[in-house]
1. Considering (1) in contact with a strand residue (DSSP E or B) (Cβ under 7 Å, 6 or more places away or on another chain); (2) at pLDDT 95 or above, say which one TYR163 fails and leave the rest.
2. Here are some residues: PHE47, PHE93. Which one is in contact (Cβ under 8 Å) with a residue 12 or more places away in the chain and under 24 Å from LYS130 (Cβ atoms)?
3. Would you say GLU134 is exposed (fewer than 14 other Cβ atoms within 10 Å of the Cβ) and either free of Cβ contacts under 8 Å to residues at least 24 places away in the same chain or of a type outside the set (A, V, I, L, M, F, W, C) (or both)?
4. In the stretch 78-119, which residues are assigned to a strand (DSSP E or B) and open to solvent by 30 Å² or more (accessible area, probe 1.4 Å)?
5. Within the stretch 138-161, work out how many residues are open to solvent by less than 70 Å² (accessible area, probe 1.4 Å), out of contact with any helix residue (DSSP H, G or I) (no Cβ under 7 Å at 6 or more places or on another chain) and in a helix (DSSP H, G or I).
6. I'd like to verify a number: residues in the stretch 95-110 that are modelled with pLDDT under 95 and within 20 Å of ILE138 (Cα to Cα), how many?
Amino acid sequence: PNSDLVPRANAIILMLQKKYGIGITPEQRAALLAKDKNQKLAGPYVFDATAPHLVMLLVNTGTVQIRPLVVRLSDFNQRYFPKGAPEIKNVPFDATHRLITVGNFDNLVQLAAYFRALTENAYVFSGIAKKDYELYMISLKNYSLFYKAKNIRSYTEFYREHYQ
């Protein structure tokens with residue numbers, strides 16, 4: 001039990017249990033696989049309310065005209081946040097989505113006020129069906145992880161757990 005090989009042996013046993021069900025019941029194997037799946041879905045994201053944050057808008061490029069949306073966002077910022085209006089960035093995400101970010105906000109408290117005002121404003125999203133975009137709050141650190149991984153489902157799960 002005190003050998004340096006114990007962690008390696010335990011890892012091999014766990015791998016055999018997951019892959020082949022050796023030494024465990026089918027129910028125990030299913031539980032191990034479900035636990036792994038949940039960990040993979042959670043992704044690498046970390047919740048930090050004190051970190052700098054962005055509003056992240058993931059838009060379907062097949063159905064939404066990006067330029068008018070960015071103009072409406074800019075109009076909204078100038079009208080409701082004239083002092084130090086948040087910066088808008090517009091970058092390609094994948095073959096079917098465009099990523100628009102608004103920020104930087106010093107922390108989640110500052111972002112929450114902006115986010116609430118944005119979601120309650122009918123002008124910015126006028127003419128766009130709700131199914132054609134997703135609106136998120138995201139920390140700068142998580143944003144870089146999200147953009148690199150490009151796993152929308154994983155971040156959506158994390159977002160629902162920590163921001164909604």
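The values are calculated or read from the model by the stated rules, or taken from the named source; none is laboratory data. Given the structure is predicted, the values throughout are model-derived calculations rather than measurements. Ideal geometry is used to build each Cβ from the backbone, glycine not excepted, and the neighbour counts take in all protein chains shown. Surface accessibility is based on the protein's heavy atoms, side chains included, excluding ligands, DNA and RNA. Shrake-Rupley method; radii C 1.70, N 1.55, O 1.52, S 1.80 Å.
1. (2)
2. Answer to the selection: PHE93.
3. Answer is no for this residue.
4. Within the stretch 78-119, GLU87, ILE88, LYS89, ASN90, VAL91, PRO92, HIS97, ARG98, ASN104 meet the criteria.
5. 9
6. Residues that pass the stated criteria total 8.
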